[in-house]
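Only one structure is covered here, and it is reproduced in the block below.
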Amino acid sequence: MKKRTQTENILEMHPETRSSDKMLMMRVWETQGLYLSPAQQELFIKVTSPETITRIRRKLQEMGKYPATDKVKADRRFKSLQAEVIAPKDNPEWLQGILGY
């Protein structure tokens, strides 16, 4: 099942996931075989979100601290170049046309 379909099904079937990204993550991960006990679920809701953690890491790396390995940097650069081929920065009208805006 595609991730979008899976997520949409969970949002439809579990209204509590519509107001909580963490609840949504837990339900998605359950469909992928990751089950948390009730105590773990309660703790998961309270801990710092993955998005916050990765946002802080990115900000620190932008400041020149704690750089990624050379391999990871190369992989990120490659993905960036792939995105540039798909959606050139100098032609936003082209991308808007593709997206139907």
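Any read-out appearing in this document is the output of simple, stated calculations on the displayed coordinates, not a laboratory observation. These numbers were taken from a predicted model, which means no experiment stands behind them. Every residue, glycine as well, gets a Cβ built from its backbone with ideal geometry; the counts of neighbours run over all protein chains shown.
Just from its helices, what would the mean residue ellipticity at 222 nm be for the chain, if runs of 4 or more DSSP H residues each count -39500 (n - 2.57) and the sum is divided by every residue, rounded to the nearest 500 deg cm²/dmol? Walk me through the numbers on the way to the answer.
Working: 6 runs with 69 residues, N = 101.
Only helices count here, giving -21000 deg cm²/dmol.
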Straight-line reach from LYS71: which aspartates and glutamates have Cα under 18 Å away, leaving out those fewer than 8 places along the same chain? GLU62
So which lysines can LYS73 reach, going by Cα to Cα under 19 Å and dropping same-chain residues fewer than 8 places off? LYS59, LYS65
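Sum up the charges of everything whose Cβ sits under 13 Å from the Cβ of THR17, counting Lys and Arg as +1 and Asp and Glu as -1, but leave THR17 out. Don't jump to the answer; show the numbers that get you there.
On the way: positive: ARG18, LYS22, ARG27; negative: GLU8, GLU12, GLU16, ASP21, GLU30.
So the surrounding residues net to -2.
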What spacing in nm lies between the two simple spin-label points modelled at GLN61 and ALA74, each 7 Å away from Cα in the Cβ direction? 1.6
Are there any helices in the chain, counted as whole DSSP H runs, that stretch 20 Å or more along their axis by Cα and score at least -1.0 on average by Kyte-Doolittle, and if so which? 70-86
Reachable lysines from LYS46, criterion Cα separation under 22 angstrom, eight or more residues apart if same chain: LYS22
Counted neighbours (other Cβ, 10 Å), sorted fewest up, put ILE45, ILE10, ILE86 in the order ILE86, ILE45, ILE10
